[in-house]
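Asks: What follows is a structure written as C-alpha cells; I'll ask about it next.
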Amino acid sequence: MALTKADLAESLYNELGLNKREAKEFVELFFEKIRASLAMGESVKLSGFGNFSLRNKNPRPGRNPKTGEEIPISARRVVTFRASHKLKERVEENARIRLGKLEKLKEQAEVNAGSRG
Amino acid sequence: MTKSELIEQLAARQPQLEYRDVELAVKELLEQMSAALAVGERIEVRGFGSFSLHYRPPRVGRNPKSGESVHVPDKYVPHFKPGKELRDRANNIEV
C-alpha cells in the first residue's frame, strides 16, 4: 500500500474539515505549486521535510540495456530531493525499531526450533 | 520557494480558506507524508513523483577529523523519483 493523493485529501477532510472538493483541489494545487517552482528553475525548501533542487547534467554516452545499442544522452536538468535531518531521523528511528523487532522474532524462532529439535 | 512562500501562494489561490487553515493544511500534508515514510510506506503522486526508502548496508566509515574507523550501521534513507510531468517540466519540455 502506498500513500496517494486520495489519502492526502482524505486527511485534510478528516483532520481539518475541508470539504471533499476543497481537499482534493488543495492537494492538487500543493503539488502543482512545487512543480511550477521547479519548472521555473527555482528550488523548493520545505523545512522539516526536505529540499527539492535542480541539477544540470552534462551529456553522456548511454546504452539501450536491452539491445546494447549506444545512444547519446543529451544534457538535461533534473530534480533531486534531499530529505531534512528531521525526516531522516524519523525514518531511521522507526526502521531501527522494526529491524530490532525482526531480530527478536528471528531469535525467538531459533529458540523455538532449538527446543523442538 | 520556502514553505511560507508556498503557503502564501496557496492562500492567494484559495481565498475561501483562512490563511491559518492553509498553513495547517500544508503542515498536515507534510506530516502525512513524513509519517508514511517513517513507517516504511511509499508515497505515489502521479505526475509529481514517488518517495520510497532505500536500504543502505552497514559500512565502516571514517571520522574525517581523527581518521578513526567507525562502524556505521545499516539504515534506510528517503528517496524521491520524479514523475514524468515533473521531469519534463523541470527540463523545460512542454507537456
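Asks: So, in region B:85-95, exactly how many residues are outside any helix (DSSP H, G or I) and surrounded by 15 or more Cβ atoms within 10 Å (Cβ to Cβ)?
Replies: 1
Asks: Looking at (1) under 26 Å from A:Ala2 (Cα atoms); (2) at pLDDT below 95, find the lone condition where B:Arg62 falls short.
Replies: The number of the failed condition is (1).
Asks: I'm trying to understand the selection: among the residues of region A:59-83, which are farther than 15 Å from B:Leu53 by Cβ and either modelled with pLDDT of 95 or more or touching a Leu at 6+ places or on another chain (Cβ under 9 Å) (or both)?
Replies: A:Arg77, A:Val78, A:Val79, A:Thr80
The values are calculated or read from the model by the stated rules, or taken from the named source; none is laboratory data. If you're wondering where the values come from, they're calculated on a predicted model, not measured in any experiment. Because the Cβ atoms are built from the backbone with ideal geometry, glycine has one as well, and the counts that use them run over all protein chains shown.
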